[in-house]
Amino acid sequence: MFALELDGLEDASARLEAYPAALTAALSAKAAELADALADMVKNDKLSGGVLNAQSGALRDSIVSSVSADADGVVASVGSEGDVKYAAIQEYGGKTSAHEILPVKAQALAFVVGGVQRFARRVEHPGSVIPERSYLRSSLDDVQGEILAALAEAAAEAWERA
């Protein structure tokens, strides 16, 4: 019979037990930093002329980032929040249905057709085909490698500190 004695087993065991909490904390912090940077990229690049030109700024102002963590992992998200009805159709493309356009702030609509100013109490819009103009997914694609590398580095650093 032989006997085996391991030095440092208790320290190694304690380090392994502490690692999940350290990893979650490190990844949460790094994910928040990366999500904020991605949201800034969407706002300042993609929605400021890179993919879409801002008209009212409502879509750009609706872009937010968030991070949540639980026992299952860390989730970071960047997206449009609020009542910007055209956010999804700009991202994915699609077709709007025929609809009536009525004046909201005046008694008539005013528009120019063929260089001539026209007025109407209502307009029957036939619907539109909106092409895909990805501002969220394309931004993520642009920096996916950097995000993965930064998260891997944060995990490695958490292991060294645990």
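The values are calculated or read from the model by the stated rules, or taken from the named source; none is laboratory data. None of these values were measured; they are calculated from a predicted model. In this analysis, Cβ positions are derived from the backbone assuming ideal geometry, glycine residues included, and neighbour counts consider all displayed protein chains. Calculation scope for accessible area: heavy atoms of the full protein, side chains included, ligands and nucleic acids excluded. Shrake-Rupley method; radii C 1.70, N 1.55, O 1.52, S 1.80 Å.
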Q: Using the Karplus curve 6.51 cos²θ - 1.76 cosθ + 1.60 with θ = phi - 60°, work out ³J(HN,Hα) for each residue of region 56-66 in order, rounded to whole Hz, and write x for Gly and Pro.
A: 9, x, 5, 5, 4, 5, 7, 6, 9, 10, 8
Q) FRET efficiency for Gln55 and Val123, Cβ-Cβ distance as r, R0 = 22 Å, nearest 0.05? A) 0.70
Q. Local charge sum around Ala158 (other residues, Cβ-Cβ under 12 Å, Lys/Arg +1, Asp/Glu -1)?
A. 0
Q. Can you list the HN-Hα couplings for region 45-51, worked out from phi with the Karplus curve (6.51, -1.76, 1.60; θ = phi - 60°), rounded to whole Hz and with x for Gly and Pro?
A. 10, 5, 9, 10, x, x, 10
**Q.** Degrees between helix 9-41 axis and first principal axis of the chain (Cα, 0 to 90, nearest 10)
**A.** 20 degrees
Q.
I'd like the carbon and sulfur percentage of the solvent accessible area for the chain, probe radius 1.4 Å, heavy atoms only, ligands and nucleic acids excluded.
A. 55 percent
Q. What's the longest bit of the chain with no exposed trypsin sites (Lys or Arg not before Pro), using DSSP loop states and at most 13 other Cβ atoms within 10 Å as the test?
A. 1-84
Q | For region 72-162, the spread of Cα positions along each principal axis, largest first, Å | A | 70, 24, 22
Q) Just the Cα atoms of the chain, one point each, no solvent: what log10 I(q)/I(0) does Debye give at q = 0.09, 0.16, 0.20, 0.21 Å⁻¹? A) -0.52, -1.01, -1.25, -1.30
Q. Rounded to the nearest 500 deg cm²/dmol, what is the calculated helix-only ellipticity per residue at 222 nm for the chain, with -39500 (n - 2.57) per DSSP H run of length n ≥ 4?
A. -14000 deg cm²/dmol
Q: Would you grab the residues whose amide H sits under 5 Å from the one on Ile63? Only those 5+ places off in sequence or on another chain, please, with H modelled 1.01 Å from N.
A: Glu81
Q: With a 1.4 Å probe and every protein chain left in place, work out the accessible area per residue of the chain in Å², rounded to a whole number.
A: 70 Å²
Q. Cα axis of helix 137-161 to longest principal axis of the chain: angle in degrees, 0 to 90, nearest 10?
A. 20 degrees
